[in-house]
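See structure below.
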Amino acid sequence: MDAALRAIAEPHRREILRLVRDEELAAGQIAARFDITRAAVSQHLRVLKEADLVTERRAGTSRLYRAKPEGISEVRAWLDDYWGHGLEALKGAVEWNQRRG
């Protein structure tokens, strides 16, 4: 989970994940959507792959990337638990204030 959190901490990598969430894209297609070097996009893709957040598939000379939902599942479970606990505490505080008048 630590590698995934470090990976998604960077805005470009979050945007890459959004781009490949619903469709498989070639590295060049991804790079064309950014105002950074192609080498920088390749580095971001490598970090995402090492964090197990994207899959890479070769098709001829192209490398195709797609988000790997199960890669983020541990992070999502942690966030759901974190926010669920926080929301329960907030709900309790609001109800307590309402009972006090």
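Every residue, every condition in (1) more than 21 Å from D2 (Cα to Cα); (2) without any contact (Cβ under 8 Å) to a residue 12 or more places away in the chain; (3) touching a strand residue (DSSP E or B) at 6+ places or on another chain (Cβ under 8 Å); (4) open to solvent by less than 100 Å² (accessible area, probe 1.4 Å), yes or no:
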site: A26; (1), (2), (3), (4): yes, no, yes, yes
site: Q29; (1), (2), (3), (4): yes, yes, no, yes
site: T37; (1), (2), (3), (4): yes, yes, no, yes
site: L45; (1), (2), (3), (4): no, no, yes, yes
site: L48; (1), (2), (3), (4): no, no, yes, yes
site: V54; (1), (2), (3), (4): no, no, yes, yes
site: A67; (1), (2), (3), (4): no, no, yes, yes
site: G86; (1), (2), (3), (4): yes, yes, no, yes
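Selection of the stretch 1-43 for residues being among the acidic types (D, E) and within 19 Å of S73 (Cα to Cα) yields D2, E10, E15, D22, E23. Comparison of L17, L5 shows that the only residue that is touching a Leu at 6+ places or on another chain (Cβ under 7 Å) and touching a residue at least 40 places away in the same chain (Cβ under 8 Å) is L17. For the structure I just gave you, tell me whether L79 is open to solvent by 50 Å² or more (accessible area, probe 1.4 Å), part of a helix (DSSP H, G or I) and out of contact with any Pro (no Cβ under 6 Å at 6 or more places or on another chain). Considered against the rule, which asks whether it is open to solvent by 50 Å² or more (accessible area, probe 1.4 Å), part of a helix (DSSP H, G or I) and out of contact with any Pro (no Cβ under 6 Å at 6 or more places or on another chain), L79 comes out as yes. Annotation: of all residues in the stretch 1-59 being part of a helix (DSSP H, G or I) and β-branched (V, I, T), the one that is nearest to the chain's Cα centre (by Cα) is I8.
One residue alone among R33, R63 is open to solvent by 60 Å² or more (accessible area, probe 1.4 Å) and touching a strand residue (DSSP E or B) at 6+ places or on another chain (Cβ under 7 Å), and that residue is R63.
The values are calculated or read from the model by the stated rules, or taken from the named source; none is laboratory data. Computed from a prediction, not measured in an experiment: that's the story for all the values here. Cβ coordinates were reconstructed from backbone atoms using ideal geometry, including for glycine residues, and neighbour counts include every protein chain displayed. Areas reflect the complete protein model, heavy atoms only, side chains present, ligands, DNA and RNA absent. Shrake-Rupley method; radii C 1.70, N 1.55, O 1.52, S 1.80 Å.
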